[in-house]
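As structure tokens, the structure follows; a few thoughts come after it.
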Amino acid sequence: MTIFEALKLSRAKLAGAGIESASLDASLILSYLTDLTKVQLITHDTDELSDETVNHLNELIEKRISGYPIAYILGYKEFWGLKLKVTEDTLIPRPDTEIIVQKALDCKVHGPILDMGTGTGAIILALKSEYGDAVEAYACDISKKALNVARENARTHSLDVTFIESDWFSALGDKKFSLIVSNPPYIEENDPHLTKTSLPYEPISALTSGSDGLDDIRIICADALSHLESGAPLLIEHGYNQGKSVATIFTENGYKNVETIKDLAGNDRVTIGFLI
Ligand code: GLN
């Protein structure tokens, strides 16, 4: 089978199964298997594929059709212009999360910054790539496996971040930060989306948090009070329908200038408050 035929067949199979990104996914999977760029796939489209590659291709197309995320097939996802390794132990970084990075950069801080529940390291690596030497970067996660992925991503991009294994603030002693940021689990336990899209394949501990999805946000808001320098901001990502509840949690904990920010789709996505 030639590359041209393989692309055509894979595209048709994916589209037939209702995968919206059929064309893109077909070329991404074929690029991954052949080590050719998307452009090279076109310029080499009469090259023959080995039987082994065709079998592997069919396997991956079937996997994709079953809903398995393309990022897990390829083993990476782009976030904030950084190519990040992802595994089944980490949440796949979402474009919506770039809004919390933007807001954290707007804060223009100078002291140590902390990302809680870092997963692939997406947020802290994006921040460190922009802030550079102006800040010391720290990130924690309860998952050793996620931290290994995050450490590898930091090495790949030569970004200096201290990673700490910690259940929220438990291993952080009395260290204080100039900014704390988090994209914690926030989906309601019985949310029907958990059985759809890519979510069934992602780590459940990175997705849900109690019946209203806010258990971890309550912990972070309360415990961050003793880890923020005076005047420092806390920024938390949350669900599109949680803006009011999260702002209330911030205000009840005494944060000031609490504000909820929308993502690019116009949904409430991030709440920020300051310890004053
Ligand atoms: N934004 C993700 C989603 O809704 C969830 C991420 C999270 O729980 N932090 O698919």
Taking the Cα atoms only, what angle lies between the long axis of helix 144-156 and the longest principal axis of the chain, rounded to 10 degrees?
80 degrees
What whole-number value in Å² describes the accessible area per residue of segment 143-197 for a 1.4 Å probe?
55 Å²
Charge dipole of segment 24-114 built from unit charges on the beta carbon (Lys, Arg +1; Asp, Glu -1), centred at mean Cα; most positive-end Cα among 61, 87, 101 is 101
Rounded to the nearest 20 debye, what is the charge dipole size of segment 1-153 about its Cα centre when +1 sits on each Lys and Arg Cβ and -1 on each Asp and Glu Cβ?
380 debye
What FRET efficiency, computed as 1/(1 + (r/R0)^6) with R0 = 35 Å and r the Cβ-Cβ distance, is obtained for residue 222 and residue 83, rounded to the nearest 0.05?
0.45
Given Cβ charges of +1 for Lys and Arg and -1 for Asp and Glu, the option among 73, 157, 44 whose Cα lies farthest towards the positive end of the dipole of the chain is 157
Please compute the per residue accessible area over segment 13-135 with all protein chains in place, 1.4 Å probe, rounded to a whole number of Å².
47 Å²
Student exercise, the chain dipole from Lys, Arg, Asp, Glu Cβ charges, in Debye to nearest 20
400 debye
Just to be sure I understand: of the beta bridges DSSP finds with both ends in the chain, what percent are antiparallel, rounded to 5?
45 percent
Euclidean distance of C-alpha centroids, segment 44-76 and segment 208-233, integer Å
41 Å
With springs only between Cα atoms under 10 Å apart, run a GNM on the chain and tell me which of 115, 133, 141 wobbles the most.
133
Quick shape check on segment 79-187: root eigenvalues a ≥ b ≥ c of the Cα gyration tensor, a/c under 1.5 is rounded, otherwise prolate if a/b tops b/c, else oblate, and it reads rounded
Carbon/sulfur fraction of accessible area - segment 58-164, other protein chains in place, 1.4 Å, %:
48 percent
The chain, Kirkwood Rh and Cα Rg, ratio Rg/Rh at 1.03
Mean residue ellipticity (222 nm) of the chain, computed from DSSP H runs ≥ 4 via -39,500 (n - 2.57), nearest 500:
-11500 deg cm²/dmol
Going by alpha carbons, how many degrees (0 to 90, nearest 10) lie between the helix axis of 122-131 and the longest principal axis of the chain?
70 degrees
Per principal axis, largest first, the Cα atoms of segment 130-276 extend in Å by 41, 37, 30
Which of the chymotrypsin sites (Phe, Trp or Tyr not before Pro) found in segment 193-276 are loop residues per DSSP with 14 or fewer other Cβ atoms within 10 Å of their Cβ?
240
Convex hull projection area averaged over all views, segment 1-63, Cα basis, nm²
3.6 nm²
With +1 on each Lys and Arg Cβ and -1 on each Asp and Glu Cβ, how big is the dipole of segment 125-276 about its Cα centre, in debye rounded to the nearest 20?
180 debye
Computed accessible area, residue 109, all protein chains, 1.4 angstrom probe, square angstrom
20 Å²
Semi-axes of segment 28-89's equivalent ellipsoid from the Cα gyration tensor, sqrt of 5 times each eigenvalue, largest first, rounded to whole Å?
22, 17, 8
Too long at a 19 Å Cα-Cα cut-off: which of 103/262; 145/176; 13/63; 63/196?
145/176
Residue separation times 0.36 nm, minus the C-alpha to C-alpha distance between residue 48 and residue 156: what's the value?
35.6 nm
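The values are calculated or read from the model by the stated rules, or taken from the named source; none is laboratory data. Bear in mind the structure is a predicted one, so any value in this text is a computation, not a measurement. Ideal geometry is used to build each Cβ from the backbone, glycine not excepted, and the neighbour counts take in all protein chains shown. For the accessible areas, the whole protein counts, side chains as well, though only heavy atoms, and no ligand, DNA or RNA atoms are used. Shrake-Rupley method; radii C 1.70, N 1.55, O 1.52, S 1.80 Å.
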